[in-house]
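Asks: Handing you a structure now.
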Amino acid sequence: TRPNNLELRRGTNAIFQCTATADDSLKSNIDWYKDGQLLTYSGRFIKDITDPNTLKIVDVQFDDAGSYVCRAHTEIDFDEASATLIVQDRPNKPKITKINCNGSINQPFAVVQWEATGDNFARILYYELQYNTSFQ
């Protein structure tokens with residue numbers, strides 16, 4: 001079976017599973033690659049000893065996002081399947097580029113210009129402007 005694509009929040013755990021069937025007379029193994037590089041199973045990247053078809057990534061971070069390939073191989077053949085990990089987090093705060101306060105005591109108003117600085121793969125549904133003023 002192919003591993004599933006995952007879209008997870010930063011700090012959660014990712015689990016990729018991949019299964020392959022080979023002739024019983026052949027020794028088979030599954031290796032995992034991230035962005036074309038063979039993974040070493042240390043730190044947050046864990047290959048379960050009891051289930052060698054599973055790759056677990058503990059406490060996913062932005063740099064864990066990418067393409068993961070499970071490569072099943074025997075001494076005579078191999079097959080591989082890939083999945084993508086997208087890591088999401090709270091969008092970055094916007095950058096204020098200009099504030100212009102005008103008006104009078106009876107009719108105060110302000111013009112605020114800003115620009116987005118990144119959504120961190122979390123869809124932005126709306127922006128909310130909050131303010132605190134000394135106008136009376």
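The values are calculated or read from the model by the stated rules, or taken from the named source; none is laboratory data. This structure is a prediction, so every number in the text was calculated from the model and none was measured. Cβ placement follows ideal geometry from the backbone for every residue including glycine, while neighbour counts extend to all protein chains displayed. The area values use the complete protein model at the heavy-atom level, side chains included, leaving out ligands, DNA and RNA. Shrake-Rupley method; radii C 1.70, N 1.55, O 1.52, S 1.80 Å.
Asks: Within the chain, which is the longest segment that contains none of the GluC sites (Glu not before Pro) sitting in a DSSP loop with at most 11 other Cβ atoms within 10 Å?
Replies: Numbers: sites that count: E75, E128.
Value returned for the longest uninterrupted segment is 1-74.
Asks: Pairing rule first: another cysteine's C-beta must sit under 4.7 Å. Under that rule, which cysteines of the chain stay single?
Replies: C101
Asks: Considering every Cα-Cα pair within region 51-99, what fraction, in whole percent, is farther apart than 18 Å?
Replies: Details: 642 of 1176 pairs.
The proportion of pairs with Cα distances above 18 Å equals 55 percent.
Asks: Using a 1.4 angstrom probe on the protein heavy atoms only, line up V60, V69, V112 by accessible area, largest first. Show your work: numbers first, answer last.
Replies: Working: V60 0, V69 30, V112 50 Å².
Largest to smallest exposure gives the sequence V112, V69, V60.
Asks: While we're here: Excluding A72 itself, calculate the net charge of residues whose Cβ lies under 10 Å from the Cβ of A72, where each Lys or Arg counts +1 and each Asp or Glu counts -1. Don't jump to the answer; show the numbers that get you there.
Replies: Details: positive: R71; negative: D31, D77, D79, E80.
Combined, the nearby Lys, Arg, Asp and Glu give -3.
Asks: Oh, and also: For region 90-135, report the accessible area per residue in Å² (1.4 Å probe, heavy atoms, rounded to an integer).
Replies: About 96 Å² of surface per residue is accessible.
Asks: So how strong a dipole does the chain carry about its Cα centre when Lys and Arg Cβ are +1 and Asp and Glu Cβ are -1, to the nearest 20 debye?
Replies: On the way: 14 positive and 18 negative charges, 182 e Å.
Its charge dipole is roughly 880 debye.
Asks: So for region 6-88, considering every pair of alpha-carbon atoms, how many percent are separated by more than 20 Å?
Replies: Numbers: 1075 of 3403 pairs.
Across region 6-88, Cα pairs with separations above 20 Å total 32 percent.
Asks: Would you mind listing how long region 90-135 runs along its three principal axes, going by Cα atoms, in whole Å with the largest first?
Replies: 42, 17, 14
Asks: Out of region 15-98, which chymotrypsin sites (Phe, Trp or Tyr not before Pro) are coil in DSSP terms and have no more than 16 other C-beta atoms within 10 Å? Display every interim value, and only then the final one.
Replies: Working: sites: F16, W32, Y33, Y41, F45, F62, Y68, F78; in loops: Y41.
The qualifying sites are Y41.
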